[in-house]
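Reading through the structure tokens given below for one structure.
Computed from the coordinates by the stated procedures, all read-outs in this text should not be read as laboratory data. These numbers come from a predicted model, not from an experiment. So basically every Cβ, Gly included, is an ideal-geometry build from the backbone, and we count neighbours across all protein chains shown.
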Amino acid sequence: MKLVIQRVKEAKVTSEGKIVGQIGRGLFILLGVGKGDSVAQVDAVVQKCVDLRIMADSDGKMNLSVKDVNGEILV
């Protein structure tokens, strides 16, 4: 399993000219899952992403999770 995580002010995914996913402030995640990856592994990675302290606090330091800022996630 591989992930690329990016903090975003906004993000969207289009397919054939139509928006199929869109978020405001939060995380944009590109996820690759292989045949050998289990549901338990996916659950663990999801929890890590939600708890990852990657969002800026009032001092501009990356000290908050996407949950803390009521952010959105697009995978």
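Quick notes
- Around GLN22: net Lys/Arg minus Asp/Glu count, Cβ-Cβ under 13 Å: +2
- Cross-link pairs beyond the 27 Å C-alpha cut-off, checked among LYS35/LYS67; LYS18/LYS48; LYS12/LYS48: LYS35/LYS67; LYS18/LYS48
- Beta bridges assigned by DSSP with both partners in the chain are antiparallel in approximately 80 percent of cases.
- Qualifying trypsin sites (Lys or Arg not before Pro) in segment 22-55, DSSP loop, other Cβ atoms within 10 Å at most 16: ARG25, LYS35, ARG53
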